[in-house]
Amino acid sequence: APADKVWDLVTDITRIGEFSPETFEAEWIGGATGPAIGARFKGHVKRNGRGPTYWAVCEVTDYQPKTEFGFTVIVGNRRVNNWSYELAQTDSGTDVTESFQLEPTTLNKMYWALAGRFRGKTNHEGMLTTLNRMKAVLEGAS
């Protein structure tokens, strides 16, 4: 699909429940109504698709229209992990890359050393599911 249609879908956090196997709803908070650097939203997460279920506050960290949308998950006042979508227009549509990176804290390093292989697999599968569901919607609308 064209980059503008992909961009609109990727940055509409209120639709994430249609695509993500873990985050089943999200809403803008603190007066934010859409993506912009510093805008905050909260996502309702069901970890691993089974639980526990919790709200996670996120802040937009990267916003380059039709190119990059990124946000960090915040626990307390600390950034914990970062998610990013990068868009690249091609002759036949738009390539989308979703990525995930933990903040390089001691606690995160210990967590990743113990559970990283499993969480990494879960994240990889979840990202593929999310992107494939978005692709299906976009191709159906094209």
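A few points about this structure:
- The separation of region 74-127 from region 6-33, counted between C-alpha centres, amounts to 17 Å.
- Efficiency of FRET from Cβ geometry, Ser92 and Arg47, R₀ 35 Å, rounded to 0.05: 0.45
- The slack in the chain from Thr67 to Leu128, taken as 0.36 nm per residue of separation less the alpha-carbon distance, amounts to 20.0 nm.
- For region 3-78, the gyration tensor built on C-alpha atoms gives an oblate shape. Its axis ratio a/c (a ≥ b ≥ c) is at least 1.5, and a/b is not larger than b/c.
- Summed over the residues of region 14-142 and divided among them, the accessible surface reaches 61 Å² per residue at a probe radius of 1.4 Å.
- For region 1-138, convex hull of alpha carbons as volume per residue, Å³: 109
- Computed over protein heavy atoms with a 1.4 Å probe, the carbon and sulfur contribution to the accessible area of the chain reaches 52%.
- Fully extending the segment from Glu139 to Tyr54, taken as 0.36 nm per residue of separation minus the present Cα-Cα distance, adds 27.4 nm.
- A cut-off of 5 Å between modelled amide H atoms, ignoring neighbours fewer than 5 places along the same chain, links Ala39 with Val60.
- Only helices enter this figure: runs of n ≥ 4 DSSP H residues, each worth -39500 (n - 2.57), summed and divided by the residues of the chain, yield -11000 deg cm²/dmol at 222 nm to the nearest 500.
- In the chain, the longest principal axis of the Cα atoms and the axis of helix 106-141 are about 20 degrees apart.
The values are calculated or read from the model by the stated rules, or taken from the named source; none is laboratory data. Keep in mind that this is a model prediction, so the values were computed, not measured. Neighbour counts are summed over all protein chains in view; Cβ atoms, including those assigned to glycine, are modelled from backbone coordinates with ideal geometry. All accessible areas refer to the heavy atoms of the entire protein, side chains included, with ligands and DNA or RNA removed. Shrake-Rupley method; radii C 1.70, N 1.55, O 1.52, S 1.80 Å.
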